[in-house]
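**Q** Just passing along the structure, written as structure tokens.
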Amino acid sequence: MSNLSEFVSVILEELNESGLAYVVTGSFASIVYSEPRTTMDIDIGVLAPFDEVERIRRALVDRGLYAPSIAPDTDMFNVIDLDSGWKADIIRCRDEPFERARFARRVTVELLPRVEAYVPTVEDMILAKLLWIRGRDSVLQLHDVESMIEYNAESLDRDYLREWAVRLDVVERLEGLLH
């Protein structure tokens, strides 16, 4: 693959053709809702049983990408274009209430020029990042959350944020950021 757009397109095309529920997360999705920043990979969450994830992994290998074998208890695997070094992390999301809500609310955006993808809503991005940094010290992830709140302050569904923040045990940090 000659560029990032081509690499991402191949992966998303395979996911879209399969009908597998996915969301682009991490920095790629953050920049949809806030300021751009660099990243070395693309994170894609899937809500699917192992056999469907394995089918996608094999299809990506058939398309010339490197994706090592995975075991049924694997939560994540890498897909790499060995020519360019681009990498995607495919993350198997747990079948839990927040993940189901996040996938049900996902939206389609133009992620890159002429590349459409599903991403979580801004509220679900904020909650997922707060959940990820809970108990950790990640200045970069916290900055992403602050930026998303700042850029989307007028349109945030604060009731939804607060409801899930309580359920996910991130309400104190959320309230500190919402001021």
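**Q** Every residue in the range 37-47 that is in contact with a Lys or Arg (Cβ under 7 Å, 6 or more places away or on another chain) and closer than 12 Å to Met76 by Cα, please.
**A** The one that is in contact with a Lys or Arg (Cβ under 7 Å, 6 or more places away or on another chain) and closer than 12 Å to Met76 by Cα: Val46.
**Q** To continue, here is another question. Does the range 115-136 contain at least one residue that is charged (D, E, K, R), touching a helix residue (DSSP H, G or I) at 6+ places or on another chain (Cβ under 7 Å) and not in a helix (DSSP H, G or I)? Write out each step before concluding.
**A** Initially, the range 115-136 is screened for residues charged (D, E, K, R), giving 116, 123-124, 129, 134, 136.
Checking which are touching a helix residue (DSSP H, G or I) at 6+ places or on another chain (Cβ under 7 Å) leaves us with 123-124, 129.
Next cut, not in a helix (DSSP H, G or I) only: none.
No, the range 115-136 has no match at all.
**Q** Now for a different question. Go through the range 141-176 and give me each residue that's touching a residue at least 40 places away in the same chain (Cβ under 8 Å) and of a type outside the set (D, E, K, R). Explain how you work it out, then say what you get.
**A** Kept after step one, since they are touching a residue at least 40 places away in the same chain (Cβ under 8 Å), are these residues of the range 141-176: 144, 147-148, 150-152, 164, 167-168, 170, 173-174.
Within the range 141-176, Ser147, Met148, Tyr151, Asn152, Trp164, Leu168, Val170, Leu174 qualify.
**Q** Residues Tyr66, Tyr118: which one is aromatic (Phe, Trp, Tyr) and farther than 15 Å from Glu13 by Cα? Please lay out each step first, then the result.
**A** Details: Tyr118 fails: farther than 15 Å from Glu13 by Cα.
Being aromatic (Phe, Trp, Tyr) and farther than 15 Å from Glu13 by Cα holds for just one of Tyr66, Tyr118, which is Tyr66.
**Q** Could we say that Lys129 is within 21 Å of Arg162 (Cα to Cα) and surrounded by 12 or more Cβ atoms within 10 Å (Cβ to Cβ) here? Give the steps one after another, and end with the answer.
**A** Working: within 21 Å of Arg162 (Cα to Cα): yes; surrounded by 12 or more Cβ atoms within 10 Å (Cβ to Cβ): yes.
Yes.
**Q** If a residue must be assigned to a loop (DSSP other than H, G, I, E, B) and closer than 18 Å to Ser30 by Cβ, how many such residues does the range 146-179 contain?
**A** Looking only at the range 146-179, we keep the residues that are assigned to a loop (DSSP other than H, G, I, E, B), and these are 152-157, 169-170, 179.
Still in the list and also closer than 18 Å to Ser30 by Cβ: 152-153, 155-157, 170.
Going through the range 146-179 one residue at a time, the tally reaches 6.
**Q** I would also like to ask the following. Would you pick out the residues in the range 25-82 that are among the small types (Gly, Ala, Ser) and touching a Ser or Thr at 6+ places or on another chain (Cβ under 6 Å)? Walk me through how you get there before you give the answer.
**A** Keep residues of the range 25-82 that are among the small types (Gly, Ala, Ser), which gives 26-27, 29-30, 34, 45, 48, 59, 64, 67, 69, 71.
Passing the criteria: Ser27, Ser34, Gly45.
**Q** Now a separate question. Going residue by residue through the range 84-107, is there one that turns out to be in contact (Cβ under 8 Å) with a residue 12 or more places away in the chain and over 26 Å from Pro49 (Cα atoms)?
**A** If we filter the range 84-107 for residues that are in contact (Cβ under 8 Å) with a residue 12 or more places away in the chain, which is where we start, we get 84, 86-93, 95, 97-103, 105-107.
With the extra rule that they be over 26 Å from Pro49 (Cα atoms), the set shrinks to 84.
Yes, the conditions are met somewhere in the range 84-107.
**Q** Let me confirm something: among Ile133, Ile149, Ile80, Ile91, which residue is under 15 Å from the mean Cα position of the chain (by Cα) and either modelled with pLDDT of 95 or more or among the small types (Gly, Ala, Ser) (or both)?
**A** Values: Ile133 fails: either modelled with pLDDT of 95 or more or among the small types (Gly, Ala, Ser) (or both); Ile149 fails: under 15 Å from the mean Cα position of the chain (by Cα); Ile80 fails: under 15 Å from the mean Cα position of the chain (by Cα).
Exactly one residue qualifies, and that residue is Ile91.
**Q** Follow-up. Within the set of pairs 6 or more residues apart or between chains, which connect a residue that is within 27 Å of Phe98 (Cβ to Cβ) inside the range 40-67 to a residue that is loosely packed, with under 14 Cβ neighbours inside 10 Å with Cβ atoms less than 7 Å apart?
**A** Within 7 Å, the pairs are Leu47/Asp95; Phe50/Pro72.
The values are calculated or read from the model by the stated rules, or taken from the named source; none is laboratory data. Predicted, not measured: the structure shown is a model, and the values here were computed from it. Neighbour counts are summed over all protein chains in view; Cβ atoms, including those assigned to glycine, are modelled from backbone coordinates with ideal geometry.
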